[in-house]
1. Go through segment 326-357 and give me each residue that's β-branched (Val, Ile, Thr) and open to solvent by less than 80 Å² (accessible area, probe 1.4 Å).
2. Which one of 242, 251, 217 is among the β-branched types (Val, Ile, Thr), in contact with a Lys or Arg (Cβ under 9 Å, 6 or more places away or on another chain) and modelled with pLDDT of 90 or more?
3. Checking residue 49 against (1) in a helix (DSSP H, G or I); (2) under 27 Å from the mean Cα position of the chain (by Cα): exactly one of these is not met. Which one?
4. Identify, by number, the condition in (1) closer than 25 Å to residue 93 by Cα; (2) among the hydroxyl-bearing types (Ser, Thr, Tyr); (3) modelled with pLDDT of 90 or more that residue 21 doesn't meet.
5. Where residues in segment 17-46 are in a strand (DSSP E or B) and open to solvent by 30 Å² or more (accessible area, probe 1.4 Å), which of them is farthest from residue 263 (Cα to Cα)?
6. Restricting to segment 88-115, name every residue that is in a loop (DSSP other than H, G, I, E, B), open to solvent by less than 60 Å² (accessible area, probe 1.4 Å) and in contact with a strand residue (DSSP E or B) (Cβ under 9 Å, 6 or more places away or on another chain).
7. Can we say residue 131 is out of contact with any Gly (no Cβ under 9 Å at 6 or more places or on another chain), open to solvent by 70 Å² or more (accessible area, probe 1.4 Å), more than 13 Å from residue 209 (Cα to Cα) and not in a helix (DSSP H, G or I)?
Amino acid sequence: MAFKRLDPEDFVVSSDSVTSTVWSNNTPSLNTYFTSSTQKDGTSGPYYLNVYQTASNSDSAAIQFQIAYANKNGGGGVNFDGSVPFVSPTTTIYGQYRTLVLEDENSSFIWGDSNTGSADNDFYVISIERARYKQSLLPGSINLILSSSNTVATNTYIQLTDDSGMVTLPTYYGTQRAYQLISGSDGKSYQSIAGGDGNGWTPDSGSYGLVLPDISTILLNSAALDNNTATGGGVNIGTDSTADNFGDNPTRLLNHISGSATLVDNVFELNSQETLTSDFVFIRSRNNEFNYTENPSFISGSTGEVIFPYFINNPQTFPTTVGMYNDSNDLLAVAKLSKPIQKDFTKEALIRVKLDF
């Protein structure tokens with residue numbers, strides 16, 4: 001065994017971005033949607049739905065995403081206390097996402113430059129199941145198609161994406177990135193794709209929502225969905241924001257998502273992104289280094305002498321392992337070579353060790 005202190009130039013840090021599909025079975029698009037009748041018909045069903053890729057009682061069933069409805073004034077939900085109006089589960093959901101995203105309990109969500117959508121400032125939430133990805137969603141990969149209640153053949157659905165392909169920098173809420181949800185595909189609006197200057201927003205209600213890739217969340221502006229006349233199709237969710245009332249709004253949105261499967265092949269496309277940071281350590285063995293060993297076949301255990309005189313001036317070793325130690329001589333990592341390498345005074349070796357975090 002021999003030791004060598006590494007120099008700063010022996011270390012190189014590298015970051016690689018790895019993308020993959022989000023949905024189960026590595027499918028690029030989710031086109032079938034199922035819910036659990038137990039959960040849907042329970043107390044949480046009118047406000048929150050788990051969505052599966054197959055029947056929930058199937059052995060392969062796995063939650064793909066959740067849908068929730070949030071309303072600043074409690075509409076679409078039954079009040080917790082009849083004597084306290086405007087405080088329902090939808091208010092609680094609104095407060096949770098306001099704290100998570102805006103980090104200010106007095107703020108309202110803004111869709112686009114300044115539009116707050118409606119007096120209720122309500123929105124739908126699509127939260128991607130944590131088990132479906134490793135780090136974050138991949139901006140530009142979001143393509144969500146919603147079917148329309150309009151029966152006109154040329155106006156049967158709308159496709160939504162984020163605007164990551166149209167902006168230099170995203171909006172930041174704290175350290176969280178946010179992109180506007182717009183009418184378009186693959187990170188650009190239809191008007192931009194066609195050479196126009198449109199931003200993919202609705203004429204009256206701002207953008208269609210926000211995409212927050214770092215917390216795998218998509219917020220959909222209900223006012224934009226209910227009053228859409230933008231190029232590329234129309235949709236009318238029919239959000240029920242009636243006070244002290246079971247609006248069952250998550251089911252309304254899910255019906256417009258699942259209904260798109262009869263119109264197009266790829267309903268909900270989404271990829272994830274992961275940044276892998278690696279430390280590369282270059283171990284340099286010069287011609288005059290690591291040519292001797294304390295192996296019993298080389299050195300006499302009783303006298304400490306080289307057993308074969310031939311090895312005194314012309315030794316040969318075959319390194320197989322590199323150990324990484326700290327200054328306290330604690331072994332931190334071990335790198336195994338794919339095969340032994342021959343080392344003598346006429347050869348030098350360069351071993352690259354990759355440490356992933």
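The values are calculated or read from the model by the stated rules, or taken from the named source; none is laboratory data. Please read all numbers here as calculations on a predicted model, not as lab measurements. Positions of Cβ are backbone-derived with ideal geometry, glycine not excepted, and every protein chain shown enters the neighbour counts. Protein only, heavy atoms only, side chains kept; ligands, DNA and RNA dropped before computing areas. Shrake-Rupley method; radii C 1.70, N 1.55, O 1.52, S 1.80 Å.
1. 341, 351, 353
2. Sole residue among the options that is among the β-branched types (Val, Ile, Thr), in contact with a Lys or Arg (Cβ under 9 Å, 6 or more places away or on another chain) and modelled with pLDDT of 90 or more: 251.
3. Checking residue 49 against (1) in a helix (DSSP H, G or I); (2) under 27 Å from the mean Cα position of the chain (by Cα), the one that fails is (1).
4. Of everything listed in (1) closer than 25 Å to residue 93 by Cα; (2) among the hydroxyl-bearing types (Ser, Thr, Tyr); (3) modelled with pLDDT of 90 or more, residue 21 misses just condition (1).
5. 17
6. 109, 112
7. Here the answer is no, as residue 131 does not meet what is asked.
Residues are listed down the side, and each one gets a yes or a no for (1) in contact with a Ser or Thr (Cβ under 9 Å, 6 or more places away or on another chain); (2) farther than 15 Å from residue 32 by Cα; (3) surrounded by fewer than 17 Cβ atoms within 10 Å (Cβ to Cβ):
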| residue | (1), (2), (3) |
| --- | --- |
| 65 | yes, no, no |
| 69 | yes, yes, no |
| 72 | yes, yes, no |
| 81 | no, yes, yes |
